[in-house]
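The numbers here are math on the coordinates, done by the rules we state, and not lab data. In this text, all values refer to a predicted model and were calculated from it rather than measured experimentally. All Cβ positions, glycine included, derive from the backbone under ideal geometry; neighbour counts span all protein chains shown.
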2 protein chains.
Amino acid sequence: MAQIGREVYVIGVGMPKWGELWDKSLRDIFVESALLAIDDAGVDHIDSLIIGSMSPGLYNKQEHIASVMADYLGVKGIPATRVESACASGGLAVRTGFMEVASGMHDIVLAGGVEKMWDGEDFTMVLATAADQEYEAFHGITFPGLYAMIANRYLYEFPDTKREDLALVSVKNHKNGAKNPRAQYRKEITVENVLSSTMVADPLRLLDCSPVTDGAAAVILATKEVAEKLNKHPFTQIVGVGAATDTIALDKRDSLISFSSVRKSAEQAYKMAGLNPQDINTAEVHDCFSIAEIIVTEDLGFFEKGKGAIAVREGKTEIGGKIPVNTSGGLKSKGHPVGATGVAQIVEVTEQLRGESGDRQVKEPKIGLTQNMGGTAGSSVVHILKRR
Amino acid sequence: MAQIGREVYVIGVGMPKWGELWDKSLRDIFVESALLAIDDAGVDHIDSLIIGSMSPGLYNKQEHIASVMADYLGVKGIPATRVESACASGGLAVRTGFMEVASGMHDIVLAGGVEKMWDGEDFTMVLATAADQEYEAFHGITFPGLYAMIANRYLYEFPDTKREDLALVSVKNHKNGAKNPRAQYRKEITVENVLSSTMVADPLRLLDCSPVTDGAAAVILATKEVAEKLNKHPFTQIVGVGAATDTIALDKRDSLISFSSVRKSAEQAYKMAGLNPQDINTAEVHDCFSIAEIIVTEDLGFFEKGKGAIAVREGKTEIGGKIPVNTSGGLKSKGHPVGATGVAQIVEVTEQLRGESGDRQVKEPKIGLTQNMGGTAGSSVVHILKRR
């Protein structure tokens, strides 16, 4: 990696309430988030639009959505690009917007994400297109099944970890999400609730799994000059960016209990930022299943391999703990409209760094991290944000 | 637009034969093109991968293809991004790769495109997802129908243009494509062939329409330092980049006979390059239907509005004419695997600038242009390449 051309700041964020949005169309949902972000930034125009979305073609029979959204937002004419990497589409949209500003191509870029998953298609089938069609999905396995294999292996390798520890991830994230007005499921749950919920794929039960969600999120990225001129919010700079891939099929991996794409994307972001895991004050990570949060927090370097679940048990990832994780409620409680998730993570961390998170505010964080991944970590994107 | 951070060069190109590739999988097709480009460049690694593809989810039940391809190419681990803007996906992939190099993020980026359209899905239905689902496709109209309305309006507004002139676009492009070993349909056709071919949507007949194709193309983008160090080919720099959008629904447009996204994307690219339409020596444009090439060559500034068809009749767009257009055979004869088309245009122009186009070589071109669009120009991407 060479020197990055220009510094990039998050100058505006927008995210409406997520859930089953039966009364809104795909374009309604996205534009609502975009207008919130534009209003928050206080800009009178945007130069370009990047949208992360996994499967609008399969869910909504609409490809070409970047042009659709530019028009519906009232800015037709500007360049607009959709990027996709399954559930990491949102993270990659932010990374692509970062490059658009850093390269000198444009000064003010809206990076957003959207997914409307409840519109009729079989979402389990659609999500399975993020797995290897020829070696996994063809044989009938779905994502809960893939993550269940990962969970079983983890529990086998690290017998100090108990089944209850996985449940504690969901309990913590629902506790945070209950304080987030935009979360899909705003209620606290108990370990007993998790352990008695419907079995999905042994050992994972319904309350170990992130839900199916309609939703969008958007951020405005801009140069330092634009941020300083507007001077509206505390300056939040993207100081680290990383992206990496892995085989999307699990059977091709050396290990089921560590995600190399997460390690590599984090390494790049830490290197660009000149920071270490110990420097992070708050993090949003990809808890599509309870086991995922545990493995990811280890691969990000917050905890030693095999100690992630124990850290949850000890309260280290709670608000007020050593490293608060998923203060937003995470995918589990906030919801997981797949293409929007990576962008919503940037929304949460930006608000935390600004001190705008209300009841779930971490105490004066200076540096935050987001980690968003596709499939069973066939792709991963990490961003590090710093309050200037 | 600010100053672009770093210069970007096309240092390698790859494109295998296109057609109905029943004996190859989606991943086979892409990797074959990527290996050709890597070999042509003479690089021993790539830092990142960008893939343009419109609908692998709908055609092949496989999203998340950037990770799939990175793995299958033997470079798993590197960042990989899919970008989509319907039939302009390939052009946007090159633009995104350009930003990745220009921003300082990476030095050597592979930008490719792929579509495998013959795998079973109803391709007319899939292509219709590039039109407005709520205002166009829902009512049953398909792309030949949309372009037929455009053609009828053009013939009405410019009565000097004859139906036969549209046919001459297909005749010229098949003449060029017959000399391109990688074209799907390598045979010359006559005006009579076009006018007696099956009616698709009046006035457009089968031989006015680009075909359904399986295919891929790839280019390697790199910094000036990398290009100079390898010193393998004449230096081909991307000096202009433009992208723009329009409503994707035709009924929202002011005019059917001019594409504002084409004009805007061209304007950006000319401005960045400091060049005018008169400076272009060879061009690849998006002739998805015969009428499209005529309108696009006008909107690019090669000819006055209303004079594009007459220019074809007068031989101005032939090899040896004032401005040769679609020396590759264009979408019509070479084929149109939608996500790959914009990348293949860069392949053709790069080879023309290098002087490697054999029987269809333009005489010593110094500057070439590519124009790739989505839907009925709901998006358009323009690149200008210069031989240094």
task = Taking each label point as 7 Å beyond Cα in the direction of the beta carbon, state the distances from A:Glu364 to the same residue in the other copies, shortest first, in nm.
result = 7.1
query = In what sequence, highest mean first, do B:162-169, B:263-270 appear when ranked by Cβ atoms within 10 angstrom?
reply = B:263-270, B:162-169
key: Net charge dipole size for the protein assembly as shown [Lys, Arg +1 and Asp, Glu -1 on Cβ; Debye, nearest 20]   = 1360 debye
Rounded to whole Hz, the Karplus (6.51, -1.76, 1.60) HN-Hα couplings of the range A:266-282, x for glycine and proline = 5, 4, 4, 5, 4, 5, 4, 7, x, 10, 10, x, 5, 7, 7, 9, 7
Packing-based exposure ordering (other Cβ within 10 Å, fewest first) of B:Cys87, A:Cys288 = A:Cys288, B:Cys87
inquiry  = Residue by residue through the range B:27-37, what is 3J(HN,Hα) from phi via Karplus (6.51 cos²θ - 1.76 cosθ + 1.60, θ = phi - 60°)? Round to whole Hz and write x for glycine and proline.
reply    = 6, 4, 4, 5, 5, 4, 5, 5, 5, 4, 5
key: Within chain B, helix-based [θ] at 222 nm, where runs of 4 or more DSSP H residues each add -39,500 (n - 2.57), nearest 500   = -11000 deg cm²/dmol
ask   = Helix B:143-157 sits at what angle to the longest principal axis of chain B, using alpha carbons and giving 0 to 90 degrees rounded to 10?
value = 60 degrees
query = If you take the C-alpha gyration tensor of the protein assembly as shown, multiply each eigenvalue by 5 and take the square root, what semi-axes do you get, largest first, in whole Å?
reply = 45, 25, 24
query = Which whole number gives the average, over all residues in B:54-60, of C-beta atoms from other chains lying within 10 Å of the residue C-beta?
reply = 5
note = Partner shielding of B:103-109, taken as the mean number of other chain Cβ atoms within 10 Å, equals 6
remark   = For the table B:Lys229/B:Lys334; B:Lys162/B:Lys305; A:Lys175/A:Lys271, the rows whose alpha-carbon distance is greater than 25 Å are B:Lys229/B:Lys334; A:Lys175/A:Lys271
ask   = What does the charge dipole of chain A about its Cα centre add up to, to the nearest 20 debye, if the Cβ of each Lys and Arg holds +1 and the Cβ of each Asp and Glu holds -1?
value = 920 debye
request  = Post the alpha-carbon centroid distance, the range B:214-290 to the range A:140-187, in whole angstrom.
outcome  = 47 Å
ask   = Can you give me the relative contact order of the range B:101-240 as a percent, contacts being Cα pairs under 8 Å and 6 or more apart?
value = 38 percent
task = Please give the net charge around A:Gly140, taking every other residue with its beta carbon less than 15 angstrom from that of A:Gly140, where Lys and Arg add +1 and Asp and Glu add -1.
result = -4
ask   = Given springs between every Cα pair under 10 Å in a Gaussian network model of chain A, which of A:Lys366, A:Lys332, A:Lys24 has the largest fluctuation?
value = A:Lys24
request  = Just grab the label-to-label distance for A:Ser255 and B:Asn276, each label 7 Å out from Cα along the Cβ direction, in nm (one decimal).
outcome  = 6.3 nm
request  = Add +1 for every Lys or Arg and -1 for every Asp or Glu among the other residues with Cβ under 12 Å from the Cβ of A:Thr190, and state the total.
outcome  = 0
key: Counted charge near A:Asp279, where neighbours are those whose Cβ lies closer than 12 Å (Asp, Glu -1; Lys, Arg +1)   = +2
query = Using the 10 angstrom Cβ neighbour count as an exposure proxy, how do B:Arg354, B:Arg388 rank, fewest first?
reply = B:Arg388, B:Arg354
key: Among A:Leu36, A:Val101, A:Gly145 the positive-end extreme of the charge dipole of the protein assembly as shown (Cβ point charges)   = A:Val101
message = Need one word for the range A:62-105: rounded, prolate or oblate. Basis is the Cα gyration tensor (sqrt eigenvalues a ≥ b ≥ c); a/c below 1.5 gives rounded, then a/b vs b/c decides.
response = oblate
query = Would you list B:Val10, B:Val338 from fewest to most Cβ contacts within 10 Å?
reply = B:Val10, B:Val338
Signed unit charges on C-beta, dipole axis of the protein assembly as shown, positive-most listed residue B:Leu168, B:Ala216, B:Ala227 = B:Ala227
query = Seen from all sides and averaged, what is the projected area of the convex hull of the Cα atoms in chain A, in nm²?
reply = 16.9 nm²
query = Does the range A:144-201 come out rounded, prolate or oblate, given a ≥ b ≥ c as the square roots of the eigenvalues of its C-alpha gyration tensor, rounded meaning a/c under 1.5 and, failing that, prolate meaning a/b above b/c?
reply = prolate
remark   = Expressed in nanometres to one decimal, the distance between label points 7 Å along Cα→Cβ at A:Lys224 and B:Glu164 is 6.5 nm
Dimensionless Rg/Rh of the range A:165-294 - Kirkwood Rh, Rg from C-alpha atoms = 1.03
note = Charge dipole of chain B built from unit charges on the beta carbon (Lys, Arg +1; Asp, Glu -1), centred at mean Cα; most positive-end Cα among B:Ser67, B:Val114, B:Leu353 is B:Leu353
ask   = Between B:Lys252 and the same site in the other copies, what are the distances in nm, shortest first, taking label points 7 Å from Cα along the C-beta direction?
value = 3.9
note = Toy charge model, Lys and Arg Cβ at +1, Asp and Glu Cβ at -1: the range A:124-242 dipole around Cα centroid in debye, rounded to 20, equals 720 debye
In Hz, Karplus ³J(HN,Hα) per residue of the range A:47-62 (6.51, -1.76, 1.60; θ = phi - 60°; x = Gly, Pro) = 8, 6, 10, 10, 10, x, 7, 7, 9, x, x, 7, 6, 10, 6, 10
task = Note the distances from A:Asp39 to each other copy's matching label point, with points 7 Å along the Cα-to-beta-carbon direction, in nm, sorted shortest first.
result = 5.7
message = Of all beta bridges DSSP finds with both residues in the protein assembly as shown, what is the antiparallel percent, to the nearest 5?
response = 75 percent
Amide H contacts under 5 Å for B:Ile50, placed H, 5+ residues apart = B:Thr81, B:Leu110, B:Ala111, B:Gly112
request  = Kindly work out what percent of the DSSP beta bridges joining two residues of chain A are antiparallel, to the nearest 5.
outcome  = 70 percent
query = Relative contact order for the range A:221-320 using alpha-carbon pairs under 8 Å, separation at least 6, rounded to a whole percent?
reply = 21 percent
